[in-house]
Amino acid sequence: MDLIDVLKGISSKIESQKAFLTTEEATKNALILPVLAALGYNVFDPTEVVPEFTCDVGTKKGEKVDYALIINGQPLILIECKQLGTKLSINQASQLFRYFAASAAKFGVLTNGVDYLFYTDIEAANKMDEKPFFEMNMLQLEDSVVNEFKKFSKATFDLDAILNNASELKYTKQIQKLVEAEIDSPSEELVRIFIPRVYEGKITAQVREQFKPLVANAFRQAVKDRVNERIKSALECSGHDEKALKGGVEAAPVNGDSEGVEKLDKRDVVTTDEEREGLMIVRALLGKTVRPDRIVMRDAKSYCAILLDDNNRKPVCRLWLDRSQKYVSLFDKDDKKEDRVPIESLFDLYGLESRLVEAITRYEQ
């Protein structure tokens, strides 16, 4: 079984188990140790996985880290565990900082069973960085992320290869976050870059304020145009069913569940540009799995359903966008209940690609 399948099996149990995982030890046993086992480490062999690994730091003797993974006889990976639900931050990594410098470790991992933050010493030798170079969320497992995570497995562990790639991963992720932040709300520095290139008048504080929303809209439109280009290219290759864009009136029940079905007059349903953009993004994400024209939107008053083959029994997701807190509803196998995932913007759909592909694959099988 592939690593991603094993991780998804662990992930699928988190929701049902979280009420019982009220301690750090429970989180370790139910979530963290199974992940280490999935990487090929024998969690019952103290020559591979050392619990309560002792690190003497300066005058402090007997300092312990939750786990150390022994590779080639050296404790190369130190793992600090927190209870499920703990918000991870640099504050929780203080112990790892001390242990990292006092041992032969090359990687520090901070986890609450869902989020895994990987640290190393890119900035200064033998001093753990304050920012992780790699992050994985068990509830948003993407193929690209799992492929990076797989490099830490016992069978394929290559220290030099991981370290060589660490800085690229770290800075790429940080730049991506900055780009997303600039798209949502352009900084003063970014606005100052663009104004002189398009505006010939005197640049005052008032002019900068006027240009700030223009820059934000330009960024969003540029991203939207790029997505639309991908969709258009795919449709030109596969043919295009106009019905797919028009949508229907009745929202899709899930697996026969009639709850939430909205039968409305067309005049009560308004399909927004944001909903159309959401459809385009979903099509782009699934373009390698099915023809884009098979992904259809049916709009309802409170949400819009995205279906495969315009079939109520094949819901891909639901978009709840007409509210302050936006959501995406996803549906797992044989589960009538919706898993509502909060999102900040439609860009968060890219992080859900693996779950959308999983739904389509399930229907195709």
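The values are calculated or read from the model by the stated rules, or taken from the named source; none is laboratory data. Because the structure is a prediction, the values reported are computed rather than measured. FYI the Cβ positions are ideal-geometry reconstructions off the backbone, even for glycines, and counts take in every protein chain you see.
Among Val316, Val296, which is out of contact with any Cys (no Cβ under 7 Å at 6 or more places or on another chain), in a strand (DSSP E or B) and over 20 Å from Leu141 (Cβ atoms)?
Val296
Can you tell me which residue is surrounded by the fewest Cβ atoms within 10 Å (Cβ to Cβ) among those in segment 33-44 that are farther than 14 Å from Phe149 by Cα and under 24 Å from the mean Cα position of the chain (by Cα)?
Applying the filter and picking the extreme gives Pro34.
What is the one condition in (1) out of contact with any helix residue (DSSP H, G or I) (no Cβ under 8 Å at 6 or more places or on another chain); (2) crowded, with 22+ Cβ neighbours inside 10 Å that Lys87 does not satisfy?
The one condition Lys87 does not meet is (2).
Every residue, every condition in (1) in contact with a strand residue (DSSP E or B) (Cβ under 6 Å, 6 or more places away or on another chain); (2) without any contact (Cβ under 8 Å) to a residue 40 or more places away in the chain, yes or no:
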| residue | (1), (2) |
| --- | --- |
| Ser11 | no, no |
| Thr22 | no, no |
| Gly40 | no, no |
| Val43 | yes, yes |
| Glu48 | yes, no |
| Tyr67 | yes, yes |
| Glu80 | yes, yes |
| Gln83 | no, no |
| Leu88 | yes, yes |
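Can you name the residue in segment 119-145 that is hydrophobic (A, V, I, L, M, F, W, C) and within 11 Å of the chain's Cα centre (by Cα) and, of all such residues, is nearest to Leu169 (Cα to Cα)?
It comes out as Val145.
For segment 304-313, enumerate the residues that are of a type outside the set (Gly, Ala, Ser) and surrounded by 21 or more Cβ atoms within 10 Å (Cβ to Cβ).
Cys304, Ile306, Leu307
Counting only residues that are at pLDDT 85 or above, part of a helix (DSSP H, G or I) and not basic (Lys, Arg), how many does segment 182-215 have?
Residues that pass the stated criteria total 19.
Checking Glu338 against (1) modelled with pLDDT of 85 or more; (2) surrounded by 18 or more Cβ atoms within 10 Å (Cβ to Cβ), only one condition comes out false. Which one?
(1)
If I ask for residues that are closer than 19 Å to Glu24 by Cβ and either among the acidic types (Asp, Glu) or assigned to a helix (DSSP H, G or I) (or both), which ones from segment 98-116 would you list?
Arg98, Tyr99, Asp115
Take segment 119-161 and flag every residue that is of a type in the set (Phe, Trp, Tyr) and under 23 Å from Lys13 (Cβ atoms).
Phe149, Phe152
Quick check on Gly40: is it assigned to a loop (DSSP other than H, G, I, E, B), of a type in the set (Gly, Ala, Ser) and under 22 Å from Leu163 (Cα atoms)?
Yes; evaluated as a whole, the condition is true for this residue.
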